[in-house]
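A.B. asks: I'd like to ask you about the structure that follows.
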Amino acid sequence: MSKKEEFFKERFKQALDSTYKVISEELHNLSKNENQNIVEDYKISNLHSREDYIKFRALTDSNALKKKFSDNIIFNKNFPKNQSYKIFYEISERIRCELLGSEMLNGIKKNINENYNNKILNKKDTNINKREDINVSEAFELYLLKNFLDIKLSNVSKKILSFWEDKFDKNIKKHTKFLKDNINDQNKYNKRFSEIFQNMEIFENENEVKNESNDDNNSENKKNNKDDNNSEDKEGKAEESSDHKNLEGSEDLNDFRMEEEFFEDGDQKENVENVIQKLNISKSDKEYKIFTSNYDEIEKAENLESDDEIKKLRNNLDQQLTSFKDVITKLANKLQRQLLAKQNRSWEYDLEEGLLDSSKLSRIIIDPQNSLSFKKEKDYEFKDTMVTLLIDNSGSMRGRPITIAALCADILSRTLERCNVKVEILGFTTKNWKGGEAREKWSKYGKPKNPGRLNDLRHIIYKAADVHWRQAKKNLGLMLKEGLLKENIDGEAILWAFNRLIKRKEERKIMMVISDGAPVDDSTLSVNSGDYLEKHLKRTVKFIEANSNIELLAIGIGHDVSRYYKKAIKISDVQELGDVMISQLSNLFEKKINPKKLN
C-alpha cells in the first residue's frame, strides 16, 4: 500500500470515528481507548471498491444508532424466554434503530439502504432447494428489511424468504402496525417482539409433518431398493444405533472422563460422543443425543490455515493490541504482582539433604563433630495450577468481542506463565452452517424425529497447556479469520474442555468460559425442542460444579449467563473484558480448594 493510500484510509477511519461520535452523541463520554477502537471491527485495509466504503459507512451508522437509541436495561428486561430466538431479537432491535436513524437523516438512510441493496444483490443461488437449506435468521432479516425498511429484494433473496415467509406472516403480520407505531418506544417494541417469539414455534419439530407425509413414499422406495441396498441398510442401522445410544452409567466422575485416541504424529483426538453417552447427570439427561459425531473435528489452530495466513492474522491482532496495550498490560501486571506476592519463598531447615545451609557452617568450625545442615525450598502455592480459557467462537462474537477475547487470552497467557501457572486456550464453533454433513446423513436416513445434536462440531486448540506462549502466540490470530465463526454448542464444548482439564496433574484447576449468550445451532433447534441445547448446557455445568474440583467461571458479553453458571459475570461492553477476566482470576486465586470434592 502506498503512503498516499495509507493516508487516505487513515483519514477515512477517522471520519468513521467522528461520524460515530456525532450520531451516537457520545462526544464527551467516550474514553480515549474506546474512541480509538470504535471502528476496529472493520478491516479498513480491505477497501477495494465503492461497495466496501458503503459497507463501512453503513456499519458505523448502525453501531452509532444502536448506541443512541437502544437502552441495554430495556433490551435485557424484555429478552425472550426462549433463548433460541436471541439472534432474531437482536436483528429486530437493530432494524428498529436503523429505521429511527433513516427517519432522522437522509444520509443515514442512503448508507443503510445502499449497503442492504448490495448485500442482497450479492446473494447467490447456491443449493437452495428446500427449507433446510436456509439459515432461518437470514430469512428473518430479509423479512424485516422487506416489511420495515421497504428494501426491494432480489430474486435470490425472494427465494430464500419464500421458504419461511408464511410462518413469519402468520406470527408477525398482525403486529406490524403496532410495531411501526411504537418504533420510538423501545419497551413496547421489544416486549411485543419477545411475545411474538414466545409463540412463534420456529424452533420446534418443523419437519414432523413433512416427515409423516413422506413416510409412505420412503417405505415404498425402501421396499423397491431392498435387495440393492441391503448391505447399506445394515450398515446404516448399526451406525444409527451407535449414534443414538442413550446416556448410561452412574453419577461418577470417572464415568465423566473422556476416552482418548493417540496418533503417530502426537495429536490428541477425544471422542466427545463417548463422554456424552457416559455423562448421565440425571435420568432426564438420557434425552440428549448426538445423531452422529463422525464429522466432528478437534484440531490444532495451526492446522486450519496456512502458516502465511496465520502470521498475517497475528500481525492484524498485534496492530489492534497497540491500542489496548496500556490498559490490559496494567491489569495483567496487577494480577502478576498479586500472584507473586502470594508466592513468598519459605524454606525447610535442618534436613539431611538438599542445599547446604551456609548459616550453620559456623557450627562445623566450632565443633567438627557436628553434621552438615541442609535446607530445601517449599513449593510455591500457585506453582501447581492450571487455567483453561474456553472462548465462544460463534458468529455473534464477530468484530470487537472476538478481537478483545483474543487479546485478553494473549495477555493472560503471558502473565500467568510468568507466575508458573499453566494456561490452555480453546475455542468452540461448528464446521458448517445449516448442519453440514451430519444433516445430510440425517436426510439420507429418512429424517428420523428428534435426532439430537445435528451439526458438525469444530473444537480448536489455540494453545495447549504444555506449549509455551511464544510457540503458540501466532495461533490466536486465527480467531479473526473470516468464516471461522459459525454456531455454538456450549454444553459439549465445556465437556471437551473439562475432560482435557480433569486429566491434568495440577492440584488447582480453573476453567473460564467467555461467551455472549445461549447455545444456538439452527440445524439442531429446528428439529428438536427450542431449549434442547440450553437444557444440556445447564445439566453439564451443574454436574461439573457439584462433582468436580474444577472451579468454573463464566463471563457473559452483553448477556446474563448466571442462569447457567453459579459463578457468572455479565459485562455490557467488551471493553470491560480484560478488567473482569483479571479481577475474577485474582479472586479465585485467593480462595482455597475444597478438599471434599473429587479430583
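We did not get these values from a lab; they are worked out from the coordinates using the rules stated. For clarity, every value in this text was computed on a predicted model and none was experimentally measured. Cβ placement follows ideal geometry from the backbone for every residue including glycine, while neighbour counts extend to all protein chains displayed.
A.B. asks: Once you've got the Cα coordinates, tell me which of K130/K177; K158/K188; K109/K152; K158/K441 are over 19 Å apart. Kindly include the intermediate steps, with their values, before the conclusion.
C.D. replies: On the way: K130/K177 31 Å; K158/K188 30 Å; K109/K152 14 Å; K158/K441 28 Å.
As for pairs spanning more than 19 Å Cα to Cα, those are K130/K177; K158/K188; K158/K441.
A.B. asks: Let me ask another. Can you compute 3J(HN,Hα) from phi for each residue in the stretch 426-441, using the Karplus curve 6.51 cos²θ - 1.76 cosθ + 1.60 with θ = phi - 60°, rounded to whole Hz and x for Gly and Pro?
C.D. replies: Result, rounded to whole Hz: 10, x, 9, 7, 10, 6, 9, 7, 6, x, x, 5, 4, 5, 4, 5.
A.B. asks: Hey, if you drop one equal point scatterer on each alpha-carbon of the stretch 405-505 and run the Debye formula without solvent, what base-10 log of I(q)/I(0) do you get at q = 0.16, 0.18 Å⁻¹?
C.D. replies: Each listed q corresponds, in turn, to -0.78, -0.91.
A.B. asks: Name the residues whose placed amide hydrogens come within less than 5 Å of the amide hydrogen of D296, ignoring near sequence neighbours (fewer than 5 apart) on the same chain.
C.D. replies: For D296, the qualifying residues are L457.
A.B. asks: Also, I was wondering about something else. How large is the translational diffusion coefficient of the stretch 3-200 in µm² per second when you combine the Kirkwood radius over alpha carbon pairs with Stokes-Einstein at 20 °C and 1.002 mPa s?
C.D. replies: Details: Rh = 18.2 Å.
Once the numbers are plugged in, D ends up at 118 µm²/s.
A.B. asks: Compare the peptides 293-304, 444-455 by average per-residue count of other Cβ atoms within 10 angstrom and give them in order, highest first. Kindly include the intermediate steps, with their values, before the conclusion.
C.D. replies: Values: 293-304: 16.9, 444-455: 18.9.
The packing order, highest mean first, is 444-455, 293-304.
A.B. asks: As an exercise, identify the GluC sites (Glu not before Pro) in the stretch 438-500 lying in DSSP coil whose Cβ has no more than 11 other Cβ atoms within 10 Å.
C.D. replies: Working: sites: E440, E482, E487, E492; in loops: E482, E487.
Passing sites in the stretch 438-500 are E482.
A.B. asks: For the residues H559, H468, H459, what sequence is obtained by ranking on other C-beta atoms within 10 Å, fewest first? Working shown, then result.
C.D. replies: Values: H559 20, H468 12, H459 23.
Going from sparsest to densest Cβ surroundings: H468, H559, H459.
A.B. asks: May I ask you to sort E348, E114 by Cβ crowding, counting other Cβ atoms within 10 Å and putting the fewest first?
C.D. replies: Fewest-to-most Cβ neighbours within 10 Å comes out as E348, E114.
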